[in-house]
Ligand code: PGA
């Protein structure tokens, strides 16, 4: 795992954009896993800037998003599809038919979950998965639990997640209670992973990724078992990290 601590959110976003751009330049038809939430907005703004300046071509990439709220259609203002469309996809030259989301509306959960896994496999697997992290350590909507759920699945959202996401809705009661998310194995199958975190509210969750202990109660702790993870965090999110097992780390500043 590589840890990069930046001075602030802006530097974190710029460095993240550099990593994504390098991936796309090295492999123009890369499969990129995208994440929603506030954290990657700066990264997406940087990528849009690169596109506008003619520095980066997204025309051959394939995208898979981590998750979607159950019960929200693609057109719903709070759907993750809409979020990605408004904050990135409509502003770059990604091809519509190469954009993938788990559906928010379905009748047969099992069928749509296994179809999503098949689509990822048919695309050749994810080259670079971008992740945020919840204050409770969730990745995608893999919430703290006694065990990990491996493949794409439907999940009941944790109370902390509903609280945290209520800011995007008029009322907390409007926040969907369930989501469909890639599982931990779907994420761990990505060839490389870029986890972003900023601000002191993420410091505790981030510190758990660095303890050497893998615990489904802090879902992101599984990332310690992945061979190519970059943990790109600002100073505030890094402040509780104790570099246990430091020899295994490459720490850039
Ligand atoms: P945030 O959410 O980027 O809005 O903090 C991250 C997450 O819940 O994964």
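Nothing in this text is a laboratory measurement; each read-out follows from the coordinates by a stated rule. Remember, predicted model here, so these are calculated numbers, not experimental data. With ideal geometry, Cβ positions are generated from the backbone for all residues, glycine too; neighbour counts draw on all protein chains shown.
May I ask for the Kirkwood hydrodynamic radius of the stretch 32-138, worked out over all distinct Cα pairs and given in angstroms to one decimal?
So the Kirkwood estimate lands at 14.7 Å.
Go ahead and estimate [θ] at 222 nm for the chain from helices alone: -39,500 (n - 2.57) per DSSP H run with n ≥ 4, summed, over the residue count, rounded to 500.
Result for the chain, helices only: -8500 deg cm²/dmol.
Can you sort 127, 52 from fewest to most other Cβ atoms within 10 Å of each residue's own Cβ?
52, 127
Over all Cα pairs of the stretch 1-68, how is the pair count split among 5 Å bins, expressed in % and running from 0 up to the last occupied bin?
3, 16, 24, 28, 19, 9, 1
Can you compute log10 of I(q)/I(0) for the stretch 185-246 with the Debye formula, treating each Cα as one identical point scatterer, at q = 0.15, 0.23 Å⁻¹?
-0.42, -0.98
Nearest-5 percent of antiparallel DSSP beta bridges in the stretch 18-192?
Approximately 45 percent, going by the DSSP bridge assignments.
What is the fewest-to-most order of 34, 89 by other Cβ atoms lying within 10 Å of their Cβ?
Placing the least packed residue first, the sequence is 89, 34.
Classify the stretch 106-253: rounded, prolate or oblate, from the alpha-carbon gyration tensor (a ≥ b ≥ c, eigenvalue square roots; a/c under 1.5 rounded; otherwise prolate if a/b is larger than b/c)?
Oblate, since a/c reaches 1.5 and b/c is not below a/b.
Per the Kirkwood definition applied to all pairs of different Cα atoms, how many angstroms is the hydrodynamic radius of the chain?
Kirkwood hydrodynamic radius for the chain: 18.2 Å.
Please state the shape class of the stretch 153-211: rounded when a/c is under 1.5, otherwise prolate if a/b exceeds b/c and oblate if not, all from the C-alpha gyration tensor.
Judged from the Cα gyration tensor, the stretch 153-211 comes out oblate (a/c at least 1.5, b/c at or above a/b).
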